[in-house]
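Contents: one structure, followed by commentary.
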Amino acid sequence: MSQPDPLADRGVDPRSPRFGAGITSLLLLVDLFLSLVGATTAAFVLLLAIALLFAWGAFAGVQRHPYGFLYRRLLRPRLGPPRELEDPAPPTFAQAVGLLVTGLGLALGLAGVPFAVPVAATLAFIAAFLNSVFGYCLGCQLYLLLVRARVIRRRVEA
């Protein structure tokens, strides 16, 4: 039986989404390579798998994402505690943005639009790479911009 995560109720370790973005970056780079060498079916299937992972993060939250589980089990025990925890809403929104980009690429690819899959993979790769290497989350920034513009409301935990 696994132990409950004591930090789960207070926020998310900011290193966890960056870890997940690193894995996503690698997968998207492989997808882009497959597209460029002509393995379009393999690239489509891999982008579909990545889109499903984005859906998992968007609908279940980054705390329940498989990459978050890997981070909590394999890396966090070997690292010191995070200096601070962050609100899980922005990275969860970022997962929805990733789902939108990859889902649009898949839909356009199915519709026969040339280069839809590699373009979507490239756009998602840029965002994931920026997050994993520089800690700059484009989807999180978009979330904050939309909250400030009062397009969406920040969720308040009870």
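The values are calculated or read from the model by the stated rules, or taken from the named source; none is laboratory data. Computed from a predicted structure; not experimentally measured. Every residue, glycine among them, receives a Cβ derived from its backbone with ideal geometry; neighbour counts consider all protein chains shown. For the accessible areas, the whole protein counts, side chains as well, though only heavy atoms, and no ligand, DNA or RNA atoms are used. Shrake-Rupley method; radii C 1.70, N 1.55, O 1.52, S 1.80 Å.
Carbon and sulfur atoms: what percent of the 1.4 Å accessible area of the chain do they account for? Present the calculation step by step, with values, prior to reporting the outcome.
Values: 6650 of 9780 Å².
C and S atoms contribute 68 percent here.
For ALA60 and PHE115, what does the FRET efficiency come to when R0 = 25 Å and r is the distance between their Cβ atoms, rounded to the nearest 0.05? Please report the intermediate quantities before stating the final value.
Values: r = 31 Å, r/R0 = 1.25.
The pair ALA60/PHE115 has a calculated efficiency of 0.20.
Given labels modelled 7 Å from the Cα in the Cβ direction, how far is it in nm from LEU29 to ARG153?
Going by the 7 Å Cα→Cβ label model, 4.2 nm.
Give the Rg (one decimal place) followed by the Dmax (whole number) of the chain, computed from C-alpha coordinates and expressed in Å.
16.2, 51
Output wanted: per-residue J couplings in Hz (rounded whole) for the range 136-147, from phi through Karplus 6.51 cos²θ - 1.76 cosθ + 1.60, θ = phi - 60°, x for Gly and Pro.
9, 9, 4, x, 5, 5, 5, 4, 5, 4, 5, 5
What are the ³J(HN,Hα) values, in whole Hz, obtained from phi via the Karplus relation 6.51 cos²θ - 1.76 cosθ + 1.60 with θ = phi - 60°, for each residue of the range 112-127 in sequence order, with x given for Gly and Pro?
x, 6, x, 6, 5, 5, x, 5, 5, 4, 5, 4, 5, 4, 4, 5
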